[in-house]
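Engineer: Below is a structure I'd like to ask you about.
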Amino acid sequence: MTADFSARLRGLRLVTFDIDGVMTDGRVHVDDDGRETKSFYAPDGLGIGMLQRAGLTVALISGSPAPAITHRAKRLAVEHVLLGTDDKMPGWRTLLAKLGIEPSACAHMGDDLPDLPLMRASGAAFTVAHAPAIVRAAADHVARAAPGGGAVREVCELILEARGTLADALAHYDRAS
């Protein structure tokens, strides 16, 4: 990790995550009644909790309007959830204004073209290996772990490591310490 990238991660106040293809494996399951369901990876959720305990705000931003996202956000105590639009920038800007956060103090993790504007406007950008080349090129870090299978957790730990708080975050769960 370069010194510049590490400094940008230390300055973060808000981390936003796309859902499909980042927090999930990208598949959309639709039942016979038209309900959309999603599968989330529990360790990714634990990583989000570690970010929150470290004082970072987390938001979920997705083009999908699926209620499953709102349910997952509630379980993770993620207060800010923006759903149902492929143009994520207006909602993101409104959220930043509401929270009083500059774009340089934000990170976004996305996997496809609708995420590019947020990735380019944020102080740090993350993606996954299956993302199109143009999205990977816009990212500061491409997760090695699979989407919906550890990519979010990898990014959470990378941020905490740069901030010097990863050991404390892990110690929270190590009852023997």
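Engineer: Has segment 5-15 got any residue that is aromatic (Phe, Trp, Tyr), in contact with a strand residue (DSSP E or B) (Cβ under 6 Å, 6 or more places away or on another chain) and touching a residue at least 24 places away in the same chain (Cβ under 8 Å)?
Structural biologist: The answer is no, given that none of the residues of segment 5-15 is aromatic (Phe, Trp, Tyr), in contact with a strand residue (DSSP E or B) (Cβ under 6 Å, 6 or more places away or on another chain) and touching a residue at least 24 places away in the same chain (Cβ under 8 Å).
Engineer: Look at residue 58 and say whether it is in contact with a helix residue (DSSP H, G or I) (Cβ under 8 Å, 6 or more places away or on another chain), open to solvent by less than 20 Å² (accessible area, probe 1.4 Å), in a strand (DSSP E or B) and touching a residue at least 40 places away in the same chain (Cβ under 8 Å).
Structural biologist: Yes; evaluated as a whole, the condition is true for this residue.
Engineer: Taking segment 135-157 as the search range and keeping residues that are aliphatic (A, V, I, L, M) and touching a helix residue (DSSP H, G or I) at 6+ places or on another chain (Cβ under 7 Å), which one is nearest to residue 48 (Cα to Cα)?
Structural biologist: Among residues in segment 135-157 that are aliphatic (A, V, I, L, M) and touching a helix residue (DSSP H, G or I) at 6+ places or on another chain (Cβ under 7 Å), the one nearest to residue 48 (Cα to Cα) is 152.
Engineer: Continuing with the same structure: Looking only at helices (runs of 4 or more DSSP H) that lie completely in segment 79-177, which have at least 1 residues being open to solvent by 30 Å² or more (accessible area, probe 1.4 Å), under 21 Å from residue 11 (Cβ atoms) and out of contact with any strand residue (DSSP E or B) (no Cβ under 6 Å at 6 or more places or on another chain)?
Structural biologist: By residue number, 89-99, 116-121, 151-163, 166-171.
The values are calculated or read from the model by the stated rules, or taken from the named source; none is laboratory data. Only a predicted model underlies this, so the values are computations on that prediction, with no experimental measurement involved. Backbone-built Cβ (ideal geometry, glycine too); neighbour counts: all protein chains shown. In case anyone asks, the SASA skips ligands and DNA or RNA and just uses the protein heavy atoms, side chains included. Shrake-Rupley method; radii C 1.70, N 1.55, O 1.52, S 1.80 Å.
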